[in-house]
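Q: Quick one: the structure is below, and I'll ask about it shortly.
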Amino acid sequence: MKSIARLALISIIYISLSALSLAENPTEYRLKAAFLYNFALFTEWPEQVGNTLNLCIYGLDPFGEDLIMLDHRQVGHRWIITHRVSTLPELPDCQVVFISRSAISQLPHVLSAVQGSPVLTVADSPGAMRQGVALNMVRQHNRIAFEANLSAARAQGLSLSSRLLRLATEVEK
C-alpha cells in the first residue's frame, strides 16, 4: 500500500513538474519548487486562511525564475502568490515559508515569528526538521526527498495529508 501511495504522489509531483518545467532536465530548485507546490496541495489549511496562499522565501532566494511559475497556481480553492520577504514581522502574513540556507541560522527567530499562525515552514537544510521546521527537503541517493515534523505542523494549526506523510523519509511525531 505504501508503494502505491508513493507512486501516486510521485506521479502528481511529475505531473506538476511537467507543467512547471520548460527544460528537459529540471534544476534542483525547479524540483524543489514542485515539492513546495505539492506540500501546499497536501496540507489542510484552516478556513481563516482565505483564498490566497502566500508562499514566501525568507533569506536569499535560491529558486530564481523557477518560483515565479508557481504564481497564481491553484491549490484547492486557493491561489498561490509568491513573495520574497526580508523581515521577521512579514512572516505571519505568509502561509508557506521557505527558509533558505542563507537564513537557517535565524531559524529560532523565524519559528518564533510564525508561532500560532497557520504557516507551513519548509527548509532544505540538514537538521532543520529536528529544530522545528514542518517539512525539510533533503538529497538522498541523488534525488530529492523530505522529512516531516508532524507536531510542528499541528502546532501551527495545519494538518498534513497521510498520503504525504507516507512518502516522507522520516516523520517526527
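Q: For the chain, what does the accessible surface come to per residue with a 1.4 Å probe? Please give it in Å².
A: That works out to 49 Å² per residue.
Q: At what distance in nm do the modelled label points of Gln140 and His72 sit from each other, each positioned 7 Å from its Cα along Cα→Cβ?
A: For the pair Gln140/His72, the computed spacing is 3.7 nm.
Q: Give me the log10 of I(q) over I(0) for the chain at q = 0.12, 0.13, 0.15 Å⁻¹, as the Debye formula computes it from C-alpha points; what are the numbers?
A: -0.48, -0.57, -0.78
Q: Just subtract the alpha-carbon distance of Thr27 and Asp61 from 0.36 nm times their residue separation and send over the number in nm, one decimal.
A: Value of the extension gain: 10.8 nm.
Q: In the Gaussian network model of the chain, springs joining C-alpha atoms below 10 Å, which of Arg30, Arg154, Arg143 carries the largest mean-square fluctuation?
A: Fluctuation is largest for Arg143.
Q: Hey, rough spin-label estimate for Ile81 and Arg101, points 7 angstrom out along Cα→Cβ, what's it come to in nanometres?
A: Output for this residue pair reads 3.1 nm.
Q: In addition: Can you compute the modelled spin-label distance between Val49 and Ser162, with each label point 7 Å from Cα toward Cβ, in nm?
A: Once both label points are built, they end up 2.0 nm from each other.
Q: Given the Cα-Cα distance of Arg154 and Val171 and 0.36 nm per residue of separation, how much length would full extension add, in nm?
A: 4.8 nm
Q: Given bins 5 angstrom wide, list per bin the percent of all Cα-Cα distances in region 26-91, short to long.
A: 4, 17, 27, 25, 19, 8, 1, 0
Q: Pick out which of Met137, Met129, Met69 has the largest mean-square fluctuation in a Gaussian network model of the chain, springs linking Cα atoms closer than 10 Å.
A: Its mean-square fluctuation being the largest, the pick is Met69.
Q: Can you check how the C-alpha radius of gyration of region 77-173 compares to 2.2 N^0.38 Å, as a plain ratio?
A: Cα Rg divided by the expected 2.2 N^0.38 Å: 1.04.
Q: While we're on this one: Out of the total accessible area of region 38-173 (probe 1.4 Å, heavy atoms of protein only), what percent is carbon and sulfur?
A: Percent of accessible area from carbon and sulfur atoms in region 38-173: 49.
Q: Only Cα pairs within less than 10 Å get springs; with that Gaussian network setup on the chain, which residue of Thr121, Thr52, Thr87 has the largest fluctuation?
A: Comparing Thr121, Thr52, Thr87 in the GNM, the peak value goes to Thr87.
Q: Sum up the charges of everything whose Cβ sits under 11 Å from the Cβ of Phe98, counting Lys and Arg as +1 and Asp and Glu as -1, but leave Phe98 out.
A: +1
The values are calculated or read from the model by the stated rules, or taken from the named source; none is laboratory data. This one's a predicted model, so the numbers in the text were calculated from it and none came from an experiment. Note: ideal-geometry Cβ built from the backbone for every residue, glycine included; neighbour counts use all protein chains shown. Each accessible area value is taken on the protein alone, full model and side chains, heavy atoms only, with ligands, DNA and RNA left out. Shrake-Rupley method; radii C 1.70, N 1.55, O 1.52, S 1.80 Å.
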